[in-house]
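Engineer: This is the structure I want to talk about, given as structure tokens.
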Amino acid sequence: MTAISLPGVVIRLATLEDLEVLIKLRLDFLAESFRSLGDEEIKAVSTQLREYYGRNLSKDLFAVLACLEGEIISCAFLVIDERPANLSFPTGRIGTVLNVYTIPVWRGKGLATQILDEILNIARVQQVSRLQLKASATAISLYEKVGFQIEDNDFTNMVMSMLKKKTDA
């Protein structure tokens, strides 16, 4: 995998000192990927992220950052779950890649590829047998370039929201 290398860009793991910028990047990602958040949503999500990142960063959550002159310009997260092993993940360890995000002005310069390469290295060291992610239509080629494949199987992803709707009594 060849990524364009920008002079001065440093790829590194996030630490707790990066907590506030990780929250901002996550909120930026959510707003761009889904919709703008209201003040109450921002407060609730920020509170949960602060607690979650504080408990899990560098344990089962790894955040890889691209920094230029001290500014974080791109990131990606890897969350590792352990489950009962099966033929698809014999180590029982599954990694979920999420929040692959580059500040718009820095897009198209290979930063996401460099960050994903580091995510793959971390997954190998952590003995992850399977990586998964949900790709937007515009990002499929990026993920295919680093080795992800569209999964074709006999199972259908299903979800159920456990959140109470505002109209529910």
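Engineer: Return the total of residues in the stretch 138-164 being under 20 Å from Leu87 (Cα atoms), of a type in the set (Ser, Thr, Tyr) and touching a residue at least 12 places away in the same chain (Cβ under 8 Å).
Structural biologist: Qualifying residue count for the region: 0.
Engineer: Under 9 Å by Cβ, and 6 or more places apart or on different chains, what pairs join a residue from the stretch 118-137 that is over 19 Å from Gly92 (Cβ atoms) and open to solvent by 50 Å² or more (accessible area, probe 1.4 Å) with one that is among the polar types (S, T, N, Q) and at pLDDT 95 or above?
Structural biologist: Lys134/Thr96
Engineer: What are the residues in the stretch 31-60 that are touching a helix residue (DSSP H, G or I) at 6+ places or on another chain (Cβ under 7 Å) and closer than 26 Å to Trp106 by Cβ, if any?
Structural biologist: Selection gives Leu37, Ile42, Val45, Ser46, Leu49, Arg50, Tyr53, Leu57.
Engineer: Moving on to the next point. Of all residues in the stretch 26-52, which are among the aromatic types (Phe, Trp, Tyr) and either modelled with pLDDT of 95 or more or surrounded by fewer than 12 Cβ atoms within 10 Å (Cβ to Cβ) (or both)?
Structural biologist: Phe34, Tyr52
Engineer: Let me ask another. When both residues are 6+ apart or on different chains and their Cβ atoms are under 6 Å apart, which pairs have a first residue that lies in the stretch 99-113 and is modelled with pLDDT of 90 or more, and a second that is in a loop (DSSP other than H, G, I, E, B)?
Structural biologist: Close Cβ pairs (under 6 Å, with a partner that is in a loop (DSSP other than H, G, I, E, B)) amount to Lys109/Ile4; Lys109/Leu6; Gly110/Ala3; Gly110/Ile4; Thr113/Ala3.
Engineer: Now for a separate question. Evaluate the following for Leu68: is it touching a residue at least 24 places away in the same chain (Cβ under 8 Å), more than 28 Å from Asp152 (Cβ to Cβ) and in contact with a Gly (Cβ under 6 Å, 6 or more places away or on another chain)?
Structural biologist: So Leu68 passes the test.
Engineer: Determine whether Val79 is at pLDDT 95 or above and over 14 Å from the mean Cα position of the chain (by Cα).
Structural biologist: When the stated conditions are applied, Val79 does not pass them.
Engineer: Considering the stretch 1-25 alone, what residues qualify as being over 17 Å from Cys67 (Cα atoms) and either of a type outside the set (S, T, N, Q) or open to solvent by less than 60 Å² (accessible area, probe 1.4 Å) (or both)?
Structural biologist: Passing the criteria: only Met1.
The values are calculated or read from the model by the stated rules, or taken from the named source; none is laboratory data. Everything numeric here is computed off the predicted structure, so don't read it as measured data. For neighbour counting, all protein chains shown are included, and Cβ atoms are generated from backbone atoms with ideal geometry for every residue, glycine included. With ligands, DNA and RNA removed, areas are computed over all heavy atoms of the protein, side chains included. Shrake-Rupley method; radii C 1.70, N 1.55, O 1.52, S 1.80 Å.
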